[in-house]
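Data first, discussion second: the structure below is written as structure tokens.
The values are calculated or read from the model by the stated rules, or taken from the named source; none is laboratory data. Computed from a predicted model, the values in this text were never measured in an experiment. Cβ atoms come from the backbone with ideal geometry, glycine included; neighbour counts cover every protein chain shown.
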Amino acid sequence: MKFSKHEEIWLTISVGMLVLFMVIVGYQTFALGMGPPSNKETLDPQKVDQTAPFDNPGVFEVGPNEYEVVMVLQVFSFTPNNIEIPKGATVHFTMTSKDVVHGFQVAGTNLNAMVMPGYIQKITQKFDKPGEYLVLCNEYCGAGHQMMSTTITVK
Amino acid sequence: MSTATSKSLKEKANQVMGVNLKDAKLAKSYMAVAFIALLLGGILGLLQGFERAGLIQLPYWFNYYQVLTAHGLLLVVVLTAFFTIGYFYAGLSHCLGGLLPKVRKMAWIGFWMKIVGLVIAIIPVLLNKASVMYTFYPPLAAAPSFYIGLALIVLGIWVCAFGAFINVASWRKVNKGKHLPIFAFFATAVFILLFFGSIGVTIEVLILIAWSFGWIPTVNVMVSRTLFWAFGHTLVNIWYLTAVSAWYVVVPKIIGGRRFSDALTRIVIILLVIMNIPGGFHHQIVDPGMSQALKFLHVFMSLSISFPSLMTAFAMFYVFERTGRKLGGKGLFGWLRKLPWGDVRFLAPMIAMIAFIPAGAGGIAQTTNQLNQVVHNTMWVVGHFHLTVGTSVILTFFGISYWLIPHISNRVLTPRMNKVGVIQTIIWTIGMLFMSGSMHAVGLLGSPRRTSYSTYGDNATALGWDPYLIFVAVGGTFLIIGVLIQVFAVFHMMFFAPKGVTEFPIADPEVPVEKTPMWTERWGLWIVIMLVVISMGYVIPLVELIVNAPPGSPPFKTW
């Protein structure tokens, strides 16, 4: 049982590429803060309306051109909807689901997160380009799943 | 030298006796169900493609999500499970000198358990009481019979897995000190993965049965999801390993070559068994409830599976080049032209392998943390698995059918049927290029998966996806033609092709034969290491999800 010379070269180069790939991914995740949404807070999924901050969903200014959107997802809508924010704003989304599993995706950005009942999911995005962004649910959630959408308008 | 003589003796014996008729009947039954599932699932796929492109609208009593659930169930559970089991049982019968009578009985029991389970599961889907997709994420709650049917299917698969273990163990007892034949080695690996990979999802399904009946009020949605994906991605790799078995063992024989190093082949198999199950975690990269450090560990676990695949890539082209040169191919690429491109038994798996190059690369990209975030749950993912499962795996299965069906039916592949197969392969390839290509592209633009046609209130972004979605329908049209030809070919070869003997093609090892170390046979050890790796991947997140669990979720029926 022996690797041939060529196979050794092939495997060394490809493993080297994979390792380099891992290093870059790790650097982006931990040094540049580009890691995937991974918040671990929980709440009672049957008491979302009574639990802060979801008892008062909406868009809140938390700093200079920095906003927090407290958002509740339910079949088949987002609350709040049709959000407007100024150009260049950094927006922190804090989300949960009142019923089944939903997905939060904003086309044309890297905003993409699973929103599970019982969990508070968080994700942040800076909106540099003005325009109307389509927000949609990307996890099948029932008969009206294809209608579950709203917009974020950046002015 | 002695192995060569005994091989040819065995081949002669097989030619005289042909296939074991009782085992052949079993394999034929499995194949028949697999290809009927392809036909039904394919038709449903076409309907979906047309609805998704906005060309038709399915009626409320047979809506997009029902069709999608049934399409997934028929193709990723029924077609693949029945094909895999039928193929490996035919091979075990061939290379272990026939199935033991009790094992054959077990395979039949498993067959009927799966059929009954399928019927019980599909009825609520047709009644619109289980439009939950084949991933059935709670708290979407299907009718209890949906989960009961799924549990029966899994138990049926377990009976078949244990049948295979019994047959292999009995062969090893009689043939002490010998290596398990390479094909049986692959079969053992696949059945080990089928059994261990599905333990988690079985626990999940049993809990969901109690929950859907109302015996327990709530369920832990994150634990369910994690148990599902521990199984879900293993299943994907089981199909892949099944296809790989034909690449290593069968394809070299068909092109007139010898197979790659026996020892390295077995090591690839062992690695795929050991490292497989934690790979499923990358389906949860944008989930809450798990830390980024854990997700990064799982990127490593997912990527490590690509190592044996890179070994496979080398092995395949090594065999092709060697064989091509032996047949007189000259120059840097001259050997490529010497390969039997007009033989469907080679052409189909060859295109399957070529498709795996972009498919594997796409997989590496989307398994990775923040890259996953770009494409998670978009049409890109659907494009990805139509390239991996729908092309790499399925085209290999199609290629296998052109010798396996004649073999178990005591018939032959005629030159005309070979031509039909070549045309089928080309149509399938074109269809998948359209379908998978446009799905990848529109996914990058943000179009979500598992969503019926929607302009989201004439939103400009969503309208921009429409041209790509038309190509999904175009691809689907090619594919349904491919399905019809393939199903015709299978049943023609099973019942109408000229009688004759077709061999089960198993290539000889390359010369000079090098000795394979005996430690490769230590399956007990591989299972222990596999369980250690699974624990490394899953103990921490599962314990955390259970200990820090929020109150559970009651059932919802939102369709």
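Is it the case that B:VAL251 is in contact with a Gly (Cβ under 6 Å, 6 or more places away or on another chain), farther than 30 Å from B:ILE534 by Cα, crowded, with 24+ Cβ neighbours inside 10 Å and hydrophobic (A, V, I, L, M, F, W, C)?
Working: in contact with a Gly (Cβ under 6 Å, 6 or more places away or on another chain): no; farther than 30 Å from B:ILE534 by Cα: yes; crowded, with 24+ Cβ neighbours inside 10 Å: yes; hydrophobic (A, V, I, L, M, F, W, C): yes.
Spelling it out, it is not the case that B:VAL251 is in contact with a Gly (Cβ under 6 Å, 6 or more places away or on another chain), farther than 30 Å from B:ILE534 by Cα, crowded, with 24+ Cβ neighbours inside 10 Å and hydrophobic (A, V, I, L, M, F, W, C).
Please work out which residue is farthest from the chain's Cα centre (by Cα), limiting yourself to the range A:1-14 and to residues that are in a helix (DSSP H, G or I) and within 7 Å of chain B (Cβ to nearest Cβ). Per the criteria, the residue is A:GLU7.
Just to confirm my filter: which strands (runs of 3 or more DSSP E) fall fully inside the range A:59-155 and include at least 3 residues that are within 7 Å of chain B (Cβ to nearest Cβ)?
Of the strands (runs of 3 or more DSSP E) lying wholly inside the range A:59-155, those with at least 3 residues that are within 7 Å of chain B (Cβ to nearest Cβ) span A:112-115.
What tally of residues in the range B:62-98 results from selecting those that are assigned to a helix (DSSP H, G or I) and farther than 18 Å from A:HIS145 by Cβ?
The number of residues fulfilling the criteria is 23.
If B:PHE320 satisfies every condition in (1) among the aromatic types (Phe, Trp, Tyr); (2) touching a Ser or Thr at 6+ places or on another chain (Cβ under 9 Å); (3) buried (at least 21 other Cβ atoms within 10 Å of the Cβ) but one, which is the exception? Every condition holds for B:PHE320 apart from (2).
Among the residues that make up the range B:490-502, is at least one of them charged (D, E, K, R) and either without any contact (Cβ under 8 Å) to a residue 40 or more places away in the chain or under 30 Å from A:PHE78 (Cβ atoms) (or both)? No; the residues of the range B:490-502 include none that is charged (D, E, K, R) and either without any contact (Cβ under 8 Å) to a residue 40 or more places away in the chain or under 30 Å from A:PHE78 (Cβ atoms) (or both).
Can you pull out every residue in the range A:1-54 that is within 21 Å of B:MET301 (Cα to Cα), of a type in the set (S, T, N, Q) and surrounded by 15 or more Cβ atoms within 10 Å (Cβ to Cβ)? Scanning the range A:1-54 gives A:SER14, A:GLN28, A:THR29, A:SER38. Take the residues in the range B:436-448 that are crowded, with 22+ Cβ neighbours inside 10 Å and away from chain A (no Cβ under 11 Å), then tell me which one is farthest from the chain's Cα centre (by Cα). Only one residue fits best here, namely B:SER438. Only helices (runs of 4 or more DSSP H) whose full extent lies in the range B:455-559 are considered here, and the ones with at least 1 residues that are in contact with a helix residue (DSSP H, G or I) (Cβ under 9 Å, 6 or more places away or on another chain), within 14 Å of chain A (Cβ to nearest Cβ) and surrounded by 14 or more Cβ atoms within 10 Å (Cβ to Cβ) are B:466-495, B:523-547. Does the range B:48-62 include one or more residues that are under 30 Å from B:VAL174 (Cβ atoms), surrounded by fewer than 18 Cβ atoms within 10 Å (Cβ to Cβ) and in contact with a Phe, Trp or Tyr (Cβ under 9 Å, 6 or more places away or on another chain)? Looking through the range B:48-62, none of the residues is under 30 Å from B:VAL174 (Cβ atoms), surrounded by fewer than 18 Cβ atoms within 10 Å (Cβ to Cβ) and in contact with a Phe, Trp or Tyr (Cβ under 9 Å, 6 or more places away or on another chain).
Taking the range B:268-282 on its own, how many of its residues are within 16 Å of B:GLN373 (Cβ to Cβ) and buried (at least 24 other Cβ atoms within 10 Å of the Cβ)? Total satisfying the criteria: 1. Only a single item in (1) assigned to a helix (DSSP H, G or I); (2) of a type in the set (S, T, N, Q); (3) facing chain A (nearest Cβ under 9 Å) is not met by B:THR451, and it is number (1).
One line per residue, one yes/no per condition, for (1) over 20 Å from B:SER304 (Cα atoms); (2) within 14 Å of chain A (Cβ to nearest Cβ):
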residue: B:TRP247; (1), (2): yes, no
residue: B:VAL251; (1), (2): yes, no
residue: B:GLY257; (1), (2): yes, no
residue: B:ASP262; (1), (2): yes, yes
residue: B:THR265; (1), (2): no, yes
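Which of the residues spanning the range B:337-352 are touching a Gly at 6+ places or on another chain (Cβ under 6 Å) and modelled with pLDDT of 95 or more? Result: B:VAL344, B:ARG345, B:ALA348, B:PRO349.
Cβ separations smaller than 8 Å between residues 6+ apart or across chains give the following pairs from the range B:96-119 residues that are under 21 Å from B:PHE183 (Cβ atoms) to residues that are polar (S, T, N, Q) and crowded, with 20+ Cβ neighbours inside 10 Å: B:LEU96/B:ASN167; B:LEU99/B:SER93; B:LEU99/B:ASN167; B:LEU100/B:ASN167; B:VAL103/B:ASN167. Contact map, the range A:25-38: first residue more than 7 Å from every other protein chain (Cβ to nearest Cβ), second residue surrounded by 16 or more Cβ atoms within 10 Å (Cβ to Cβ) and aromatic (Phe, Trp, Tyr), Cβ cut-off under 8 Å, separation 6 or more or different chains; pairs are A:PHE30/B:PHE296.
Of the residues making up the range B:214-230, just one is crowded, with 24+ Cβ neighbours inside 10 Å and in contact with a Ser or Thr (Cβ under 7 Å, 6 or more places away or on another chain), namely B:VAL221.
Listed by first and then second residue, the pairs linking a residue in the range B:43-61 that is on the phi > 0 side of the Ramachandran plot to a residue that is outside any loop (DSSP other than H, G, I, E, B), with Cβ atoms under 8 Å apart and 6 or more places separating them unless they lie on different chains, are B:GLY54/B:ASP466; B:GLY54/B:LEU469. Would you call A:THR42 within 14 Å of chain B (Cβ to nearest Cβ) and either without any contact (Cβ under 8 Å) to a residue 12 or more places away in the chain or among the aliphatic types (A, V, I, L, M) (or both)? No: the conditions fail for A:THR42. Taking the condition assigned by TED's automatic domain parsing to the domain that holds A:GLU139, more than 16 Å from the chain's Cα centre (by Cα) and closer than 19 Å to A:PHE127 by Cβ, does A:ASN56 pass? Spelling it out, it is not the case that A:ASN56 is assigned by TED's automatic domain parsing to the domain that holds A:GLU139, more than 16 Å from the chain's Cα centre (by Cα) and closer than 19 Å to A:PHE127 by Cβ.
Are there any helices (runs of 4 or more DSSP H) wholly within the range B:279-386 with 2 or more residues that are more than 25 Å from the chain's Cα centre (by Cα), and if so which?
So the answer is B:292-304, B:306-326, B:334-337, B:369-375.
Checking each residue in the range B:459-512 for being closer than 30 Å to A:TYR133 by Cα and in contact with a Gly (Cβ under 6 Å, 6 or more places away or on another chain) picks out B:VAL472, B:ALA473, B:GLY475.
Looking across the range B:349-377, just one residue is more than 12 Å from chain A (Cβ to nearest Cβ), under 30 Å from A:VAL115 (Cβ atoms) and of a type in the set (A, V, I, L, M), and that is B:ALA359. Scanning the range A:55-71 for residues that are surrounded by 15 or more Cβ atoms within 10 Å (Cβ to Cβ) and either among the hydrophobic types (A, V, I, L, M, F, W, C) or touching a Lys or Arg at 6+ places or on another chain (Cβ under 7 Å) (or both) gives A:VAL59, A:VAL69, A:VAL70, A:MET71. Only one entry of B:ALA151, B:ALA184, B:ALA164, B:ALA143 meets the criterion of being touching a residue at least 40 places away in the same chain (Cβ under 8 Å) and buried (at least 23 other Cβ atoms within 10 Å of the Cβ), and that entry is B:ALA164.
Tell me whether the range B:283-302 contains one or more residues that are more than 8 Å from chain A (Cβ to nearest Cβ), more than 30 Å from B:TRP519 (Cα to Cα) and crowded, with 18+ Cβ neighbours inside 10 Å. Yes, that holds for at least one residue. I'd like to know if the range B:367-374 contains one or more residues that are of a type in the set (A, V, I, L, M) and surrounded by 24 or more Cβ atoms within 10 Å (Cβ to Cβ). No, the range B:367-374 has no match at all. Scanning the range A:82-104 for residues that are crowded, with 24+ Cβ neighbours inside 10 Å and either touching a residue at least 40 places away in the same chain (Cβ under 8 Å) or more than 15 Å from A:SER38 (Cα to Cα) (or both) yields A:THR96, A:SER97, A:VAL100, A:VAL101, A:HIS102.
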